[in-house]
């Protein structure tokens, strides 16, 4: 028994029309008479329109059917079409290649624009404005470094990174930068230490045990006193 699988057959250019319509289009290419080939092509167009009756009211529906006919024939069908013959480039345009940025980011945890901001400060003549801007940028760098490394960075590292990112082109007040503090606070660990938990649990258990022992001693003393008084 000979098996006929679809993956061994010719690729369908428009699968929504099915393989039978593609076979009809292939049979049109075997007709030598142009007039007869055109007449048969119109019959195939009518069958294609019956497959999608809801789309007949749309604009240029017949034009789309003729374009689909040429696509299914791989643009090899030569018939008298009522519309201009399409080309492969018009119906199957090649997408434009996207240009991706190739800029290098030396310190990715600071971001892309920190270096640009620092380099732009060398054109500023206001020394006080430059100092305030550098101070704000340093605080921002400390915050981003804390988010990346989960620990507060040393101010000396921040100063070195500012000098490198600015290409040593701006004056920096290192004494004021050494006194900056980050507004980010290190959160407590979600899982506290096991030793502390055990100690707290033992203390919590010891307290009810001690209260129970005291209550037992009180009840025993009361029982002894009542027994003695009874005698």
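Considering segment 28-46, and only residues there that are closer than 15 Å to residue 70 by Cα and in contact with a helix residue (DSSP H, G or I) (Cβ under 8 Å, 6 or more places away or on another chain), the residue that is surrounded by the most Cβ atoms within 10 Å (Cβ to Cβ) turns out to be 41. Of the helices (runs of 4 or more DSSP H) contained entirely in segment 12-98, not one carries at least 3 residues that are without any contact (Cβ under 8 Å) to a residue 40 or more places away in the chain and touching a strand residue (DSSP E or B) at 6+ places or on another chain (Cβ under 6 Å).
Check whether at least one residue in segment 85-106 is over 30 Å from residue 40 (Cβ atoms) and in contact with a helix residue (DSSP H, G or I) (Cβ under 9 Å, 6 or more places away or on another chain), and report yes or no. Checking segment 85-106: at least one residue is over 30 Å from residue 40 (Cβ atoms) and in contact with a helix residue (DSSP H, G or I) (Cβ under 9 Å, 6 or more places away or on another chain).
No lab work stands behind these numbers, since they all come straight from the coordinates. Note that the coordinates shown come from a computational prediction; the quantities given were computed from them, not determined experimentally. Every residue, glycine among them, receives a Cβ derived from its backbone with ideal geometry; neighbour counts consider all protein chains shown.
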